[in-house]
Each structure stands twice: as structure tokens, then as C-alpha cells.
Amino acid sequence: MALNSVLHDLATVSVSGATPPTGDVSFAFYSNGECVDDPVFTDLVALDGANPGEAHPSQSTDPLTPGAWAFQATWSGDENYSGDVSECEWFTVGEGGQGCTPGFWQGGNGSKLWNTSPDAQWTAATNGLANPPFIHTTLFNSFFSAHADLNGLTMLDLVGTGGGPNPVRKAARSLVAAYLNASIGLDYPYTTAQLSAMWNDANDGDDSDGEFLALHTQLDAANNLHNNDVCG
């Protein structure tokens, strides 16, 4: 997991019979990979009344530092079902990586690396790797899964703005920079396949669940890693 990532958890309660589970799921977040000692925080999230029931999202973490971390979810059950405790969902955060910001990709030397395809400057920067995955004028919705808020916007339109208050645009802006970072050969924390999957997960038809803002926050941290010869 990338340095400074911000994460949250999801719990699904599967039961037998037609009666949906009720009550709250308790999420605990630990600063170790074993779900022991006092948690960093706990959070109660109500089940959604479906079967299987879902509790989502939990409280988000602060930007994460290197080391082992873990989530664990507990459901105490209700009058129809006994409860359960999830496995310890542990992961590690690495020491760092490399990334370049949207600001780099939209101006100066950065913008010249992906304004055409094939692009000799991209090839030179990557020591002969393939051409850029898209160019300035590529429509975002023609490359990634489409969202109505991004209709008619090019890749350069998105990295060339501050994102504004719209979380969809903020996430898309960070994604364009992230995808370029992952494509140009940097030691970026995420692959292009992972980035596309992360966008698809956020772009699930529910813009009110905070996933676009969480994606922006996660990718913004990775895009600000720097530590490379492309953007310094």
C-alpha cells in the first residue's frame, strides 16, 4: 500500500433465510498486523437492511505511515442470528515510491511528454518504453468508465484545473496524473490495471458514498511522492 494512503473498510453479513440482518457493525483499526492491543479507533456503522447486509463505509484512516495496519469487523447479531467476527484484515504500507503531480503533467516539460502519440519525448524519458497511454485531447470518458460530470472533458482539461469542489472531477484529475505516472515507468504504488479498477469501484452509480473523494485523497498522496528524475 502506498505511503500516505487513506483507507476505510466494508463488512458484509451473509445469513440464511429471508430475514435480513439488523444492527450495527463495529469496525476496529489497529496499528499492527495482528488486531491486538488497543485499536487506533473504533466505529459503528449500521447494516443497510439487505440480505446479505452491508455496512459501509467505516471511518477513514488518517494518511498512513510505513508499517503494518489492520481492520477487523464485529457484528454482535440480532434476535434472529448470532454474531460473527471477521478475520484480521492486515496490510503493510511501504516506505515510499515515485510520483508526479497533475500540475507537472499539465504544464512545462510534463505536458510535452504526452501531447502526441507516438511522442519522441515520452520515448526518451522512458528509455524506449511504449507511447503514452493517451494524449491531451483524449476524452476522459472514452478511456475510463464514463461519468456524466465528465462529459466532453479531455485529459488535459482535467489535469489543467484544480479539480474544484466536485469530488468526481477531483478524483478524475488525480487519476489522469496517476495513470501517466504508472505508464511512464516510475516506481508508482499502483499499476494501470489497479488504477482502472479503483476508478470503476468508485464509479459505481452512487456518488454520495464518499468513494470519489477517498480515491482522490489516496491518489493525491501517491502523486506527491516525487523522488524521481522525471519531475524531481
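Here, each number is a calculation from the coordinates, and none is a lab measurement. Nothing here was measured: the structure is a model prediction, and the numbers come from that model. Every residue, glycine among them, receives a Cβ derived from its backbone with ideal geometry; neighbour counts consider all protein chains shown.
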Please state, to two decimals, what the Cα-based radius of gyration of segment 42-133 comes to when divided by 2.2 N^0.38 Å (N = residues). 1.87
Under the 0.36 nm per residue contour assumption, what length would be gained going from the current alpha-carbon distance of D201 and D187 to full extension? 2.7 nm
Using alpha-carbon positions, what is the distance between the centroids of segment 188-232 and segment 65-104, in Å? 17 Å
Stretch T42-L129 to full length: gain in nm at 0.36 nm per residue minus the Cα-Cα span? 26.7 nm
Cα centroid of segment 37-57 to Cα centroid of segment 1-31, whole Å: 4 Å
Rel. contact order, % - alpha carbon contacts under 8 angstrom, at least six apart, the chain: 21 percent
Fully extended contour minus Cα-Cα distance, from T19 to D209, at 0.36 nm per residue: 65.9 nm
Take L10 and E79, extend 7 Å from each Cα along the Cα→Cβ direction, and tell me the distance between the two endpoints in nm. 3.1 nm
Relative contact order of segment 49-112, please, whole-number percent, based on alpha carbon pairs below 8 angstrom and at least 6 residues apart. 27 percent
In whole angstrom, and with the biggest value first, how far do the Cα coordinates of the chain range along each principal axis? 66, 38, 28
What's the longest uninterrupted piece of the chain once you rule out the GluC sites (Glu not before Pro) that are loop residues per DSSP with at most 14 other Cβ within 10 Å? 96-232
Quick one: dipole size for segment 1-128, taken about the Cα centre, charges +1 on Lys/Arg Cβ and -1 on Asp/Glu Cβ, in debye to the nearest 20. 840 debye
Once every DSSP H run of n ≥ 4 in the chain is given -39500 (n - 2.57) and the sum is divided by its residues, what mean residue ellipticity at 222 nm do you get, rounded to the nearest 500 deg cm²/dmol? -7500 deg cm²/dmol
Can you list residues whose amide H is under 5 Å from V13's amide H, if they're 5+ apart or on another chain and H is modeled 1.01 Å from N? G53, E54, A55
